[in-house]
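J.: Dropping the structure in here first, questions after.
Derivation of every value follows stated rules applied to the coordinates shown; laboratory data play no part. None of the values given here were measured: they were computed from a predicted structure. Cβ atoms come from the backbone with ideal geometry, glycine included; neighbour counts cover every protein chain shown.
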Amino acid sequence: MDRDDLTLLRDLLRHQRLLALAVVVDGEPVAGLVPFLAAPDFSALAVHVSSLARHSKGLGGDAHWSGVVHVPDSDAVDPLQVPRVMLQGRSHLLDDEAVVNAVRNMWIARFPAAEMTVALPDFAFVSLDLAGGRLVGGLGQARNLSRDHFTQAAQL
């Protein structure tokens, strides 16, 4: 991967705010659209999910997940050329109080309107660990991602 690819990966994880999330619940695929916060070193994404949401039942306990982050669609861009990253990994509930407090503060800074939901008892922070994926810069511009690529992108 070259510097442009790493820059695209960094920008998608730092500047986009929504993740199209896919999990398995009771043997069935379930999708959701959730805000996310990337760890500073891009080792994981944090999401804040309600236990009432069906997709939350497919998270935690080292469960597999996948998802897509993309540049918003517009009439000015061919849909096949929309830069995007497909991600995959395993998930676990964040339960260390110091970590949860740090994530909560970063979450409210990034999503000020979410200040009310962080206090609700049915919501929890979940870590979506980043194991790999595929970066697509446009038609014919696809690159496989390893854990090392996330680390390199975070250092730019």
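J.: Could you give P(r) for the chain, binned at 10 Å from zero, as whole percent values over all Cα-Cα pairs?
T.: Here the calculated profile for the chain is 11, 40, 35, 13, 1.
J.: Something else: Karplus couplings for region 15-20 from phi (6.51 cos²θ - 1.76 cosθ + 1.60, θ = phi - 60°), rounded to Hz, Gly and Pro as x?
T.: Result, rounded to whole Hz: 10, 7, 10, 10, 10, 7.
J.: Let me ask something else about it. Let me spell out the model: positive unit charges on the Cβ of Lys and Arg, negative unit charges on the Cβ of Asp and Glu, origin at the Cα centre of the chain. What dipole size does that give, in debye rounded to 20?
T.: 100 debye
J.: Follow-up. Could you check the simple spin-label distance between H64 and A142, using points 7 Å along Cα→Cβ, in nm with one decimal?
T.: My value for the distance between the label points is 1.8 nm.
J.: Through the Karplus equation 6.51 cos²θ - 1.76 cosθ + 1.60, θ set to phi - 60°, convert the phi angles of region 31-46 into ³J(HN,Hα) values in whole Hz; use x for Gly and Pro.
T.: The phi angles translate into 10, x, 10, 10, x, 9, 10, 7, 4, x, 9, 6, 7, 6, 10, 9 Hz.
J.: Further, regarding this structure: For the chain, modelled as a Gaussian network with Cα springs under 10 Å, which listed residue fluctuates most, L135, L52, L87?
T.: Most flexible of the set in this elastic network: L52.
J.: While we're here: Amide H neighbours of A53 under 5 Å, at least 5 residues apart or on other chains, H built in the peptide plane: list them.
T.: The answer is none.
J.: Moving on to the next point. Name the residues whose placed amide hydrogens come within less than 5 Å of the amide hydrogen of L94, ignoring near sequence neighbours (fewer than 5 apart) on the same chain.
T.: F125, V126, S127
J.: Here's a follow-up. Under the Karplus relation 6.51 cos²θ - 1.76 cosθ + 1.60, θ = phi - 60°, what is the ordered set of whole-Hz ³J(HN,Hα) values for region 70-85, x standing for Gly and Pro?
T.: Karplus values, whole Hz, x for Gly and Pro: 9, 5, x, 5, 8, 5, 7, 10, 4, x, 6, 9, 5, x, 7, 9.
J.: Same structure again: So how much slack lies between D11 and R54, counting 0.36 nm per residue of separation and subtracting their Cα-Cα distance, in nm?
T.: Working it through step by step, the gained length comes to 12.5 nm.
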